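What follows is a short report on a single structure.
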Amino acid sequence: MVMETLATSGSNLVRLTNFSVGYPTSNGVVPALRDISLDICEGESLALVGESGSGKSTLARALIGLVEAPGRATGGEIELASLGRSTSADRRTGVAGKIMTMVLQEPRDSLNPVLSIGSQMGMVLARRGVPRRERRSAASELLRSVRLEDASRVLRSYPFQLSGGMCQRVAIAMALAGQAKLLIADEPTTALDVRVQASILRLLSELQREHGFALLLVSHDFGVVAEVSQTVAVMYAGRLVEYGPTTEVLGNPRHPYTAALLNARPTLGAGLPIRPIGQAPDAGKVHDQCAYIPRCQHADALCSESPHPLPDGSLSHSAACYHPIEFVGERSVDAAAARQSPEIPKLPLKPAKLLEVRDLNKRFRVGGALGKQSVQALTDVSLDVSPGEIVGIAGETGCGKSTLAKCVLGLEYPDSGSIRIDGVDLTKLGKSEVRKLRRRVQAVFQDARASMNPNRKIIDVVQEPLRNFGIGDRHERAERAREMLSRVGLSDDLFERSPGQLSSGQCQRAALARALVLNPRLLICDEPFSSLDLSAQAQLMHLLSDLQAEYGFGLLLISHDLAVLTSLGSRIVVMLGGRILEVLPAGQTEHRIVHPYTGALLQSIPGFSGNERRVGRPHSAAKKIELSGCPFVSDCDLAIDLCGEVMPAMSTTAAGHEMACHRSADLPDLQLVSTAHL
Amino acid sequence: MLRVVAGPLLNRFAARTNFLIVIGGAALGLILLAVSIGPLVMQTDALSFERGKELLPPSADHWFGTDRFGRDFFARVLEGGRVSLTAAFIAMSLILAIGITLGAIAGYLGSWVDGAVMRIVDVLLALPPFVAAIAIAGLFGTGLQVILIGVVTLWWAWYARITRGIVLQVKERLHVDAAKAAGATTFSIVFREIVPLAAGPVIVVATLDLGSLILTIAGLSFLGLGEQPPNPEWGTLLSEGRAYFLVSPHLTLFPGLMIFLTVLALNLLGEGLHERLDPYNLAGRGG
Amino acid sequence: MLKYALRRILVVFPTLVAASLIIFALIRFAPGDPVDIMYGPAGMGHSTATISQEARDKVRGQLGLLEPPPIQYAIWLGRVVRLDLGTTFKTRRPVVDELAERLPTTAKLAFLSFGILLVTAIPLGVVSAVNQGKAADHGVRFVALVFSAMPSFWLGLLLLYLLGVQWDVIDISGGSELKHLILPAAVMALGIVPTISRLLRASLISELGQLYIVFARAQGLSDGVVLWRHAVRVAVLPIMALLGLYLGGALGGSVIVESIFSIPGVGKWVLDSILGRDFPVVQAYMLLAVVIIATANLVVDLSYAVLDPRIRFGGRQVA
């Protein structure tokens, strides 16, 4: 959904001139933003893109006057067309809520947990001067404008009773209350599932058209940016490095960093992203030169003298680089060619199964003595992994993918069904035998830092599995751990540090080293990339792929991101509501006739558009109703009566392609196309 | 960004933490030294009478003055401290032993064991300690032993709850799952992953609680429910001195001051240890 | 809400029954003959008409002490419910009458000290949290650290000496009027002010760091509204349980100050009775304590339900 017209070119709303923010510490002021010059015009739609630590959120907060203490403006100006000059790291009365307003990343945490939606909206409306007796109807009106039906029920509700998507809609409604001229959306969809994300993005675009406010979208995701924004500003280490119309910046990036970041993005149907070099520095550690030098192939003496200034926010495409990439035509073609096509591991014709899961069922009991409830987490789940194969499990929050992983790891006990690893049924083993089996099955978790004992050094963490199985003496163990840590790309000086002193990417590498130190047959990775920045993610994807080819372990990879799974060339198992709905064969990304649920997931990926965009009603994920039929029935356009009553059986539709759908004969061709410039 | 800012801030905190630990620890050490070897090296006996020297104010001969029987009050305060602190330490050891054991068992085993232990804990915790101690003294008579038994009976419940809470919390932490997945034995999980993380917070709470324990025991003795005269104990001394506090305020000033300083030292130490040993605030204490 | 409240109120009764069982057992197992407990031991007491051995046996029969324990319990409970708690050894007056004379004073003292606690601890905690790391915060924390180490009985005596004797600004004659109660109530509260204020401080600092505060500010809400109607509203939740424990424990805390300041309340009465081995009074005290504690817990639970919807709705997803 690209903007039809470029820049409505309204009058200027906010102008930043050489604006800087720093955090005073005992060692002097640590800069977080340096010399930002940027214009935001009325009705414009601008995106601020960057990785964590780039300063994009600090900039968003500085604009509205909410820089986290003890940060403060250290130079430059923020000029508001309606107010005149003022610098703004301190709170400015009359700006927040009136001239600009903001919605945040975690919608549920953005709302007070113990106050009803009605009273929270009441406070905001009171501030806007709405008389007491009119507040209720005004609030209902606002809720309807963000497409929340049943406003009176929402007003009575508390945040914990609403889904994340609904909370974000409420937050947007509150932001609309002041009729501010600028809405700052700080990663508004990052915490949401992909289908909900799509609906919120669509809502923001629609509201912008209806109300005519300017939208400043802060995001790390180019797909989201392409979806919503006309203009994009790329940030790196506290500076703006590139600015221009979205189509141009994304289609023909001029700064080497922007190009590398775009290439690091996993793309549906393409191979592994191009491996970026190095790691983004903290804004505070960069000296007065181009911060990208250590990672740049074109860097020369000129670059280290002083950073190239970014021409202040004119509409033309510009980059803060002495050696900008020249226009080379269709980058997307170029980049696609540069991507390695996913290597599908060659499997023997009739491979012995490494992991065989059959008819797994797991029910969780929730609630206390009163009102006991149980939730079916897994229903009749069957799945195979062959040696050397990559199997991806995809699905949204609560689909049962993590429970499945825990069962295979022996951390949860299934109610029924079998889990065979090399033919040995895990569910029939005693505690000590399960432990022995763990030598062959290892795991990497989503939050690598939390998965390591905070009191221990990295080298000791990696040795731990060897110790547990009494392998080698102390020297041999340390030697093997060092070897493994080097193999995953960690330098010697990090070995003696504790997990808390490493970056997320480094922690995830160490966790990978720990998992592989025993040379397991099966590796289970539960969302290993989701806490990482784009470049760290691309690097880790390469590492995982290389290690898999080298050691030949079977890989069970859990991810919410279909693009990541296809990039790694995995067979994909799609889950919803504790059931497997579809199994897609590896490497056949052109496969366009898929289960309606998979179709909805694919179409929701920002930056892609199908022939017909159906986003559906994505709130059903929060409902935990017991279903005898298909879990997707309430959101499915093709559903027939039968779907709600009987769960369809898995049937093979093409080689290696299985799905459970009553309407499998009538599915439309999806015709997914990447939005032109991505 | 956070990391850049956090570094120096943490350094400053560490400096403050050390300062608290050093001051609190030194003061506590000094007091412990005084009350443990003081009575041994003192020339005067805490129980010996001296006629004609009743109720003297503090002087070079008698640092804390004398009491109504002419006994050297400094000697009595030191001896009283020995009784008070010994009682508090014994009580705390018993409380820790019972509370940690039951709490850890309840937390680790869960199910009905947990239910049974926690039900008792809930009942005991609902009883305000002072009210319960008074009731116990009312039923079983007065005396330091009765007070100690009463205090231990009630107080272990706090530690059972804290220990259980920590064990449950640590048990839920990802690195315990990760250790399990990496093939760690149950023994190794308990003693290498859980106990080291749980020990810190318990030590912190115990340090701070030792102060409340001293206050409670002294308070009950002050009311005449604990140690009985003529044996000195800080609370008993205060209560004895109370009758004379118009003419000889030093008899109430010094025992109270000693209690105050001891508890203050423990608080400082606990405060310092809290930042040092319980970075995740598992003990759930305001900092 | 109503359903929750009713359910919670109904739970109080089994609790009271269990507590009465424990008290009954304690009295039965306490050293001494139950008849002693009711009527004083043979040959004891100046104002006590000593009961002969036959009379004792007769009482034993009347009291049902020869019956099996469950029936004994039923008889005992019947008397307790009818507020028949026997007579004191000392005055031979019904325990309930004496209690009724003293309870209002102690109640006044308790609520007064509770009020003092609230008006000091909450502002201190808020000031400390809002100025985190600044001089005001350090000052409050330092004072709190000092006062939490201060034995209340010592502080009481010192204040009595300084204010009552040296400067002669307060009336120390002892009594049950408000002017006699302010200083004792303050001393009683002071012991827990540091605990409450530091807990509120920690809780408020954590709330002020939450995203909903940033969001509320971004909507232009004033500092006052953000602090009091958003942050403090959530931050007080964890301290309510402690406040309840304090109210429930006021019966214990009052003993010390009533003793020091010579206030004719329940605390001083029970202390004198313990030292005089006046068991009927001790029994009445325990029963009263149980009722007060149960009530305080009930009030706390109901306030939680009012102030925290997550508890009211049992945290279950409705939407």
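Values in this text are rule-based calculations from the coordinates and carry no lab data. Note that the structure is predicted; figures quoted are calculated from it, not measured. For neighbour counting, all protein chains shown are included, and Cβ atoms are generated from backbone atoms with ideal geometry for every residue, glycine included.
Rounded to the nearest 20 debye, what is the charge dipole size of segment C:247-319 about its Cα centre when +1 sits on each Lys and Arg Cβ and -1 on each Asp and Glu Cβ?
Charge dipole, segment C:247-319, about its Cα centre: 300 debye, nearest 20.
Any idea how far apart B:PHE89 and B:LEU261 come out in nm if each label point goes 7 Å out from Cα toward Cβ?
Spacing of the two 7 Å Cα→Cβ label points: 1.8 nm.
Cα axis of helix C:135-148 to longest principal axis of chain C: angle in degrees, 0 to 90, nearest 10?
Orientation of helix C:135-148: about 10 degrees from the principal axis.
Note the angle between two axes, namely the Cα long axis of helix A:458-468 and the longest principal axis of the Cα atoms of chain A, as a number of degrees from 0 to 90, rounded to the nearest 10.
20
Around B:VAL263, under 14 Å between beta carbons, what's the net of Lys plus Arg minus Asp minus Glu among the other residues?
-2
List the GluC sites (Glu not before Pro) in segment B:184-277 that DSSP assigns to loop (not H, G, I, E or B) and whose Cβ has at most 15 other Cβ atoms within 10 Å. Which are they?
The qualifying sites: there are none.
Return the Rg/Rh value of chain A, two decimal places, where both radii are evaluated on C-alpha atoms and Rh is the Kirkwood radius.
Reported Rg/Rh, Kirkwood definition of Rh: 0.97.
Lysine pairs in chain C with alpha-carbon atoms under 20 Å apart, 8 or more places apart or on different chains: how many are there?
4
Could you compute the FRET efficiency for A:SER306 and C:GLN132, with r as their C-beta to C-beta distance and R0 at 41 Å, rounded to 0.05?
0.60
Which number comes out as Rg/Rh for the protein assembly as shown once both Rg and the Kirkwood Rh are worked out on C-alpha atoms?
On the way: Rg = 35.9 Å, Rh = 35.1 Å.
Ratio value, two decimals: 1.02.
A:GLU645 to C:TRP228: FRET efficiency via 1/(1 + (r/R0)^6), r the Cβ-Cβ distance, R0 56 Å, to the nearest 0.05?
Values: r = 54 Å, r/R0 = 0.96.
Result of the calculation: an efficiency of 0.55.
Excluding the sites themselves, what is the longest stretch of chain A that contains no GluC sites (Glu not before Pro) in a DSSP loop with at most 14 other C-beta atoms within 10 Å?
Excluding the exposed sites themselves, the longest stretch runs over A:150-325.
Quickly work out the C:ASP97-to-A:GLU433 label distance, labels modelled 7 Å from Cα along the C-beta direction, and quote it in nm with one decimal.
7.9
Please work out the FRET efficiency for the pair C:ILE311 and C:SER52, using the Cβ-Cβ distance as r and a Förster radius of 60 Å; give the result to the nearest 0.05.
After rounding to 0.05, the efficiency reads 0.50.
Using just the helices of the protein assembly as shown, give the 222 nm mean residue ellipticity in deg cm²/dmol: DSSP H runs with n ≥ 4 each add -39,500 (n - 2.57), and the total is spread over all residues, rounded to 500.
The helix-only estimate for the protein assembly as shown comes to -15500 deg cm²/dmol at 222 nm.
Is the C-alpha gyration tensor of segment A:152-232 telling us rounded, prolate or oblate? Criteria: a/c under 1.5 is rounded; beyond that, a/b larger than b/c is prolate, otherwise oblate.
oblate
Taking the alpha-carbon set of segment C:190-319, what are its Rg and Dmax in Å?
In Å, with Rg to one decimal and Dmax whole: 20.5, 66.
Quick check: pseudo-label points 7 Å beyond the Cα along Cα→Cβ at A:ALA352 and A:ARG144, how many nm apart are they?
Roughly 6.8 nm, to one decimal.
Give me the angle, in degrees from 0 to 90, between the Cα long axis of helix C:266-275 and the longest principal axis of the Cα atoms of chain C, rounded to the nearest 10.
Helix C:266-275 and the main axis of chain C meet at about 50 degrees.
Across the residues of A:161-171, average count of Cβ atoms on other protein chains within 10 Å?
Values: counts 8, 3, 2, 0, 0, 1, 0, 0, 0, 0, 4.
What the average comes to for A:161-171 is 2.
Hey, if you drop one equal point scatterer on each alpha-carbon of segment C:90-187 and run the Debye formula without solvent, what base-10 log of I(q)/I(0) do you get at q = 0.17, 0.23 Å⁻¹?
Once normalised to I(0) and log-transformed, intensities are -0.93, -1.17.
Compute and list, largest first, the equivalent-ellipsoid semi-axes of segment C:67-113 from the alpha carbon gyration tensor, each √(5λ) rounded to a whole angstrom. Present the calculation step by step, with values, prior to reporting the outcome.
On the way: eigenvalues 163, 43, 11 Å².
Taking √(5λ) for each eigenvalue gives 29, 15, 8 Å, largest first.
First check a/c for segment A:445-539, with a ≥ b ≥ c the square roots of the eigenvalues of its C-alpha gyration tensor; if it is under 1.5, answer rounded, and if not, answer prolate when a/b is larger than b/c or oblate otherwise.
It is prolate, given that a/c is not under 1.5 and a/b is the larger ratio.
Taking a ≥ b ≥ c as the square roots of the eigenvalues of the Cα gyration tensor of chain C, is the shape rounded (a/c under 1.5), prolate (a/b larger than b/c) or oblate?
Oblate, because a/c is 1.5 or more while a/b does not exceed b/c.
Can you sort C:VAL119, B:VAL131 so the residue with the fewest Cβ neighbours within 10 Å comes first?
Arranged by neighbour count, lowest to highest, C:VAL119, B:VAL131 become C:VAL119, B:VAL131.
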